[in-house]
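Asks: First the structure, then my questions, so here it is.
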Amino acid sequence: MAVTGWFVALVALGVVPIIATDSDLALLVWLALVAVLTTLDVLLAASPRRLRLRRELPAAVRLGESAVARLVVVNDGGRTLRGLLRDAWQPSAGAAPTRRRVVLRPGRAVTLTATLTPFRRGDRRADAVTVRSIGPLRLAGRQATLELPGTVRVLPRFSSRKHLPSRLARLRELDGRTSVMVRGQGTEFDSLREYVRGDDVRSIDWRATARRDDLVVRTWRPERDRRVVVVVDSGRTSAARVGDEPRLDTAIESALLLGALASRAGDRVDVVVFDRRVRGRVRPDRRCCRRWSTRWRRSRRSWSTPTGRRCLRWCAR
């Protein structure tokens, strides 16, 4: 049972008949009247346990950004519910508002929205919803806590994504998808072309030159389908601050930027977070390797090459 401010005011109002009559019996009669009215108000209040609750939460939100969390409340009881509803989110979730006044008729539903602006990474949880149903006299009511767990994963800020356009442009230059004046570096043979002034003489293909009248050079392209392993130290030293954030957050930013570039380049990226033991591990999606192997077969390239053998070993895991 829960009482309201009107109950306190009604009890305090009993001072008037006590002073007027100067009798102890007036006090007993007044307290009995207040008890009867309070009991009647509690009995007439809608039961909060007849509510049906459902959460609609975003899968993830980045640190510093906001997301909308919805709470659907359905009144399956036979009385109109008037009262207060509190959604118990963790303080670090930055939920606002957490308290709502609700007037819900029988069989009706209402959707309550709250804005989540978390200021810490990790999983932000909501454990339960507390509902206080007030009677028609507004003196007292019923209160119940309904278990309704919910979790929103808060991802790092990834502020370094502003550098992605320039890095991706450089990656396209290395891939040969953007015209540049110089030959891109690489480790895999791509094609032959005529020699131009400024080319490295070490790239001249003398056998192809012997079959033609002009100098011919080999062109290369960066190796693809490499396996990149990013190791992040989450030990005690990672709690030291670099500027306005811990060293661990800086390492996560670097890992995200490197992983985004390597994934766009067609490489497989593994991330391992450890201190005394492994705290987390992210493995690449095997579907990427299957798609890559399909393109490899369609291009009629040999599985006996080093890159083909690596893909075969990877897909066999």
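Every number in this text was worked out from the coordinates using simple rules, so none of it is lab data. Remember, it's a predicted structure, so these values are computed and weren't measured experimentally. Backbone-built Cβ (ideal geometry, glycine too); neighbour counts: all protein chains shown.
Asks: Would you mind checking the stretch 98-116 for residues with the amide N under 14 Å from a putative spin-label position 7 Å along Cα→C-beta of ASP76?
Replies: Backbone N within reach: 107-109.
Asks: Out of residues 5 or more away from GLN90 or on other chains, whose amide H comes under 5 Å of its own, with H placed 1.01 Å from N in the peptide plane?
Replies: Residues meeting the amide H criterion: ARG125.
Asks: Which of SER133, SER66 has the fewest other C-beta atoms within 10 Å, and how do the rest follow up to the most?
Replies: Placing the least packed residue first, the sequence is SER66, SER133.
Asks: Then there's this: How much FRET efficiency would the formula 1/(1 + (r/R0)^6) give for VAL231 and LEU40, where r is the Cβ-Cβ distance and R0 is 51 Å, rounded to 0.05?
Replies: Calculated transfer efficiency: 0.15.
Asks: Give the average over all directions of the projected area of the C-alpha convex hull of the stretch 6-112, one decimal, in nm². Could you put the intermediate results ahead of the total?
Replies: Numbers: hull surface 38.6 nm².
That works out to 9.6 nm².
Asks: Modelling each spin label as a point 7 Å along the Cα-to-Cβ direction, I'd like the ASP24/ALA144 distance in nm, to one decimal.
Replies: With each label point 7 Å from Cα toward Cβ, the separation is 4.2 nm.
Asks: Set the Förster radius R0 to 45 Å, insert the Cβ-Cβ distance between ARG279 and ASP213 as r into 1/(1 + (r/R0)^6), and round the FRET efficiency to 0.05.
Replies: 0.10
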